[in-house]
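Every number here is computed from the coordinates shown, using simple stated rules; none is lab data. Quick caveat: nothing in here was measured; it's all calculated off a predicted structure. Don't worry about glycine lacking a Cβ; one is built from the backbone with ideal geometry, like all the others, and counts go over all protein chains shown.
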Amino acid sequence: MNLESSNATNIHPKEKYNTDIFSSIEKAQRELAELRQHIDIIDNQMSDLFLQRMILVEKVGKLKRVSDIPVEHSDREKEILERLTADLSPEQAADMDALFRQIFKISCQHQNR
């Protein structure tokens, strides 16, 4: 029995397996990088929209102060939440609710400055 040919035969499938793993990992890393790029774009858009919202919130706050209107408006917040969550799954609705409740909280704090 020739050990060199026997070892070569035994190693080859393992090397192929390792190559397949590395190829799969590289593919996953490329896909992950691409998905993260898309998320970064969305994050930038969300940041821009949030800053635009805060400018409007500041104007609303000024109008409320000069008109003696309370900053918090739970009926308006409820209407917004109902509109934004109407067509979502229960899990998505809960996430959207949590996000916008935080935005409302920040908005109220901003209006009270």
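Out of curiosity, is residue 77 in a helix (DSSP H, G or I) and either in contact with a Pro (Cβ under 9 Å, 6 or more places away or on another chain) or without any contact (Cβ under 8 Å) to a residue 12 or more places away in the chain (or both)?
Working: in a helix (DSSP H, G or I): yes; either in contact with a Pro (Cβ under 9 Å, 6 or more places away or on another chain) or without any contact (Cβ under 8 Å) to a residue 12 or more places away in the chain (or both): no.
So residue 77 does not fit the description; no.
Of the numbered conditions (1) more than 17 Å from the chain's Cα centre (by Cα); (2) part of a helix (DSSP H, G or I), residue 34 satisfies every one except a single condition; which is it?
Answer for residue 34: the failing condition is (1).
Looking only at segment 48-71, which residues are among the charged types (D, E, K, R) and exposed (fewer than 10 other Cβ atoms within 10 Å of the Cβ)? Let's see the steps before the verdict.
First, the residues of segment 48-71 that are among the charged types (D, E, K, R): 48, 53, 58-59, 62, 64-65, 68.
Within segment 48-71, just 68 meets the criteria.
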